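Engineer: Questions regarding the structure given below will be posed in turn.
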């Protein structure tokens, strides 16, 4: 596929590098952002304003002469401070309205950036595959799953991507906090945290978007997106410390003691993230022809090196 692509949420974590990659691959890009005056995107991109998705949006003008849409916009995190109705309005109903507008406008392809949290909670007791029945456990995941259903019901040729946690330059959230922790010269008590997690590099996620846009066989499909090999929590910290130029310096503490310490500090939620496993099988997307670049450990080293150079 070629032509003009509308990218919503183009000023977020994934948006700017995706816009640049689309342009490099011969697409024309219309980048929809809330505050055009505050974004930095390539000059070749057409930047347009879109209002806050908490209110209904008239998508028709943004879809004029558009061949494909990559829908990134939404509340992109799981937070305690966000009302369930807000998740539903922004992540579900706004997506449903966009998908319906795409169908009316005969858009040739919609790529919807969902989340693994539409399928699972923060951890799972088995390797996740697309055939598994979705079991979201919080409003964020439920809003994404409802949005997926709306996309399928719209009739527009669509591909749904469910990425795991994404790492890359200027990462935010939990991984940014872990990067700060890894930068301490002090030893860290994580050597025995052997729980495994799947992550996906930003470059690999962008390659997935480009791949499904270019191949008609990916229309109508839902894909989990992850780097090929999962890593343990100890491996994540080790890779970050290597990229930061820090020695590994991990020591063993019984997991039960770590759990008790965090619970006593009122941070049982942190222990759930540290101790749980979330492994995703990306073989369906790989079988469709998606090609990955760097593996997770090498990618995390590169991330830490890049963050260190920016300081």
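Engineer: Specify the inter-centroid distance of the stretch 225-258 and the stretch 9-61, based on alpha-carbon positions, in whole Å.
Structural biologist: If we compute the Cα centre of each part, the gap is 35 Å.
Engineer: Compute the acute angle (0 to 90°) between the alpha-carbon long axis of helix 296-309 and the principal axis of greatest extent of the alpha-carbon atoms of the chain; round to the nearest 10°.
Structural biologist: With both axes taken from Cα atoms, the answer is about 90 degrees.
Engineer: In nm, what is the difference between 0.36 nm times the number of residues separating residue 43 and residue 25 and their Cα-Cα distance? Each step should come with its number before you reach the end.
Structural biologist: Details: separation 18, 0.36 × 18 = 6.48 nm, distance 1.53 nm.
Extending this stretch completely gives an extra 4.9 nm.
Engineer: For a quick check: sort 233, 112, 13, 251 by the number of other beta carbons within 10 angstrom, fewest at the front.
Structural biologist: 251, 13, 233, 112
Engineer: Taking 8 Å as the Cα distance limit and 6 or more residues as the minimum spacing, I'd like the relative contact order of the stretch 4-163 as a percentage. Please report the intermediate quantities before stating the final value.
Structural biologist: Working: 286 pairs, mean separation 35.1, N = 160.
With pairs under 8 Å counted, the relative contact order is 22 percent.
Engineer: Let me ask something else. Among 235-247, 116-128, 184-196, how do they line up by average Cβ neighbours within 10 Å per residue, starting with the highest?
Structural biologist: Ranked from most to least packed, the peptides come out as 235-247, 116-128, 184-196.
Engineer: Nearest 10 degrees, 0 to 90: what angle lies between the long axis of helix 233-244 and the longest principal axis of the chain (Cα atoms)?
Structural biologist: Result, in degrees: 80.
Engineer: Along Cα→Cβ, 7 Å out, is where each label goes; now give me the distance between the ones at residue 229 and residue 106 in nm to one decimal.
Structural biologist: Going from the residue 229 label point to the residue 106 one covers 4.9 nm.
Engineer: Cα convex hull of the stretch 18-140: mean projected area in nm², to one decimal?
Structural biologist: If you wrap the Cα atoms of the stretch 18-140 in a convex hull and average its projections, you get 9.5 nm².
Engineer: What are the extents of the Cα atoms of the stretch 218-262 along their three principal axes, listed from largest to smallest and rounded to whole Å?
Structural biologist: On the principal axes, the stretch 218-262 reaches 47, 31, 15 Å in Cα extent.
Engineer: Taking a label point 7 Å from the Cα of residue 306 along the Cα→Cβ vector, which residues of the stretch 151-177 have an amide N closer than 16 Å to it?
Structural biologist: Only 165-173, 175-177 pass the distance filter.
Engineer: So if the hydrodynamic radius of the stretch 213-311 is defined as the Kirkwood radius over C-alpha pairs, what does Stokes-Einstein give as its diffusion coefficient at 25 °C and 0.890 mPa s, in µm² per second?
Structural biologist: 149
Engineer: Given springs between every Cα pair under 10 Å in a Gaussian network model of the chain, which of 266, 299, 220 has the largest fluctuation?
Structural biologist: 266
Engineer: Then there's this: Counting each DSSP H run of 4 or more residues in the chain as -39500 (n - 2.57), what helix-only mean residue ellipticity at 222 nm follows after dividing by all residues, to the nearest 500 deg cm²/dmol? Write down the numbers at each step before the final one.
Structural biologist: Numbers: 11 runs with 113 residues, N = 311.
After summing the helix terms and dividing by residue count, I get -11000 deg cm²/dmol.
Engineer: Which angle from 0 to 90°, rounded to the nearest 10, does the C-alpha axis of helix 173-182 make with the longest principal axis of the chain?
Structural biologist: Taking the Cα atoms of the chain, the angle to 173-182 is about 30 degrees.
Engineer: Of 275, 264, how do they rank once you tally other Cβ atoms within 10 Å and put the fewest first? Numbers along the way, then the final one.
Structural biologist: Details: 275 15, 264 9.
So the ranking, lowest neighbour count to highest, is 264, 275.
Engineer: When a footprinting reagent is the concern and you count Cβ atoms within 10 Å, what order do 71, 211, 77 take, fewest first?
Structural biologist: So the residues, fewest neighbours to most, are 77, 211, 71.
Engineer: Another question about this same structure. Please give the contour-minus-distance gain from residue 264 to residue 129: 0.36 nm per residue of separation, less the Cα-Cα distance, rounded to one decimal in nm.
Structural biologist: Value of the extension gain: 45.1 nm.
Engineer: Quantify how much of the Cα-Cα distance distribution of the stretch 34-89 extends past 17 Å, in percent.
Structural biologist: In whole percent, the share of Cα-Cα pairs in the stretch 34-89 beyond 17 Å is 53.
Since every read-out is calculated from the coordinates, none of them should be taken as a lab result. Computed from a prediction, not measured in an experiment: that's the story for all the values here. Virtual Cβ from ideal backbone geometry, glycine too; neighbours counted across all protein chains shown.
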